[in-house]
1. If the requirement is being among the acidic types (D, E) and touching a His at 6+ places or on another chain (Cβ under 6 Å), which of these qualifies: B:E128, B:E147, B:E112?
2. Taking into account only those residues within segment A:33-67 that are facing chain B (nearest Cβ under 10 Å) and within 24 Å of the chain's Cα centre (by Cα), which is nearest to A:E104 (Cα to Cα)?
3. Looking at (1) in contact with a Leu (Cβ under 9 Å, 6 or more places away or on another chain); (2) surrounded by 17 or more Cβ atoms within 10 Å (Cβ to Cβ), find the lone condition where A:P38 falls short.
4. Looking at A:D89 and the list (1) of a type outside the set (K, R); (2) more than 16 Å from the chain's Cα centre (by Cα); (3) at negative phi, which single condition is not satisfied?
5. For the subset of segment B:92-115 comprising residues that are within 23 Å of B:R49 (Cα to Cα) and within 14 Å of the chain's Cα centre (by Cα), which member is surrounded by the fewest Cβ atoms within 10 Å (Cβ to Cβ)?
6. Could you tell me whether A:A135 is farther than 30 Å from B:E6 by Cβ, within 11 Å of chain B (Cβ to nearest Cβ) and either buried (at least 19 other Cβ atoms within 10 Å of the Cβ) or of a type in the set (A, V, I, L, M, F, W, C) (or both)?
7. With respect to A:A183, is the statement that it is more than 7 Å from chain B (Cβ to nearest Cβ), farther than 30 Å from B:L37 by Cβ and surrounded by 15 or more Cβ atoms within 10 Å (Cβ to Cβ) true?
8. Tell me the strands (runs of 3 or more DSSP E) entirely within segment A:1-81 that contain at least 3 residues that are modelled with pLDDT of 95 or more and of a type in the set (K, R).
Protein chains: 2
Amino acid sequence: MSDIKEKELEQLGETQVDSQDIFDGFVLHVKKDTIKLPNGNEATREIIRHIGAVCVVPVTDDNKVIMERQFRYPIDRVITEIPAGKLDDKNENRLMAAKRELREETGYEADEWLDLGIYYPAPAYSDEKITMYLAKGLHKGERDLDEDEFLNVEEIPIKSLVDDILSGKITDGKTQVAILKAAAHLNIS
Amino acid sequence: MSDIKEKELEQLGETQVDSQDIFDGFVLHVKKDTIKLPNGNEATREIIRHIGAVCVVPVTDDNKVIMERQFRYPIDRVITEIPAGKLDDKNENRLMAAKRELREETGYEADEWLDLGIYYPAPAYSDEKITMYLAKGLHKGERDLDEDEFLNVEEIPIKSLVDDILSGKITDGKTQVAILKAAAHLNIS
């Protein structure tokens with residue numbers, strides 16, 4: 001580790017003193033930790049442990065994106081999102097998970113995959129890490145949704161999606177990041 | 001409501017059957033709700049209720065952004081972020097909150113504020129809504145950090161930040177979205 005990083009950790013780092021399990025759910029694992037601050041004081045951190053997730057920008061040969069309309073219960077509305085999903089287990093290969101989610105939710109498989117980097121949705125209180133992908137060379141197959149999974153699929157030109165992000169019409173975080181990055185990689189603005 | 005929206009809600013909507021309080025913390029309010037799916041089946045939703053937050057891209061006259069280095073305990077590392085913070089209360093005016101957070105964390109005040117839209121970090125399990133702002137016409141004053149708040153402030157050209165986002169070096173979600181949107185509004189790419 002470089003000296004600069006060591007100094008920064010000394011100035012800013014927090015270390016665990018104690019960890020209390022609050023809730024061990026199916027999706028959310030909530031903990032209340034006591035930590036030591038850089039000034040020696042103790043403080044509390046309420047945090048979520050999450051298995052991790054992937055999301056995909058699937059782009060057709062004529063620059064349309066396979067998008068989803070999905071009801072999100074916490075915000076009580078249907079929103080426009082890219083295909084995404086949780087890992088099946090902590091050690092699942094992330095690219096494999098992205099291929100699985102794309103196929104299950106939309107029916108598509110892709111010849112080319114590009115890693116668009118990592119997205120931490122809420123690093124102040126959650127360790128969830130989402131890996132973003134761009135998928136090209138799409139082939140349509142069969143969707144494979146769970147009986148209790150509901151979403152509509154639609155194709156939207158990436159140029160319109162960029163406009164809708166810039167004007168504030170698309171509100172999902174991962175969707176905004178991944179589409180803007182995909183558009184930059186495809187030289188579409 | 002339009003017919004299309006009504007049809008979509010019928011196809012995709014979920015309604016609350018029951019709600020159980022799991023944890024009522026300082027930051028996180030965790031609930032386990034039973035819901036009814038569009039097919040009539042019941043399912044469980046583990047969700048976070050969050051007070052809401054704001055974030056700001058403060059840009060100097062020579063297109064540098066006032067950025068922060070901050071330790072994020074859930075992911076155990078120091079990351080680069082834009083200034084941001086929770087609302088003081090649910091009904092706090094969001095622009096006022098953004099002005100407060102910018103001044104407290106960096107010492108800066110700004111003459112011009114532009115609303116960059118909404119960002120839902122994790123709508124599958126959290127109702128947290130972050131409003132993003134671009135702030136220009138900066139004047140330097142005094143920071144006003146809590147005794148137990150630690151962060152380093154640095155100025156970085158927005159062009160470098162865009163490059164670091166596209167190459168995957170900046171991982172915080174709201175920072176990626178807000179910087180890319182701010183750069184588009186400033187015609188910097």
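1. Values: B:E147 fails: touching a His at 6+ places or on another chain (Cβ under 6 Å); B:E112 fails: touching a His at 6+ places or on another chain (Cβ under 6 Å).
Result: B:E128 is the single residue among B:E128, B:E147, B:E112 that is among the acidic types (D, E) and touching a His at 6+ places or on another chain (Cβ under 6 Å).
2. Residues of segment A:33-67 that are facing chain B (nearest Cβ under 10 Å), as a first pass: A:33, A:35, A:37-39, A:41-50, A:53.
Then drop every residue that is not within 24 Å of the chain's Cα centre (by Cα), which leaves A:45-50, A:53.
Details: A:R45: 36, A:E46: 34, A:I47: 30, A:I48: 27, A:R49: 25, A:H50: 21, A:A53: 15 Å.
The selected residue is A:A53.
3. Only one criterion in (1) in contact with a Leu (Cβ under 9 Å, 6 or more places away or on another chain); (2) surrounded by 17 or more Cβ atoms within 10 Å (Cβ to Cβ) is unmet by A:P38, namely (2).
4. (2)
5. If we take residues in segment B:92-115 being within 23 Å of B:R49 (Cα to Cα) and within 14 Å of the chain's Cα centre (by Cα), then B:L95 is surrounded by the fewest Cβ atoms within 10 Å (Cβ to Cβ).
6. Values: farther than 30 Å from B:E6 by Cβ: yes; within 11 Å of chain B (Cβ to nearest Cβ): no; either buried (at least 19 other Cβ atoms within 10 Å of the Cβ) or of a type in the set (A, V, I, L, M, F, W, C) (or both): yes.
Spelling it out, it is not the case that A:A135 is farther than 30 Å from B:E6 by Cβ, within 11 Å of chain B (Cβ to nearest Cβ) and either buried (at least 19 other Cβ atoms within 10 Å of the Cβ) or of a type in the set (A, V, I, L, M, F, W, C) (or both).
7. Values: more than 7 Å from chain B (Cβ to nearest Cβ): yes; farther than 30 Å from B:L37 by Cβ: yes; surrounded by 15 or more Cβ atoms within 10 Å (Cβ to Cβ): yes.
Here the answer is yes, as A:A183 does meet what is asked.
8. Working: elements: A:15-24, A:29-36, A:42-49, A:53-58, A:64-72, A:77-81.
Strands (runs of 3 or more DSSP E) meeting the threshold: A:29-36, A:64-72.
The values are calculated or read from the model by the stated rules, or taken from the named source; none is laboratory data. All figures in this text were calculated on a predicted structure; none of them were measured in a lab. Ideal geometry is used to build each Cβ from the backbone, glycine not excepted, and the neighbour counts take in all protein chains shown.
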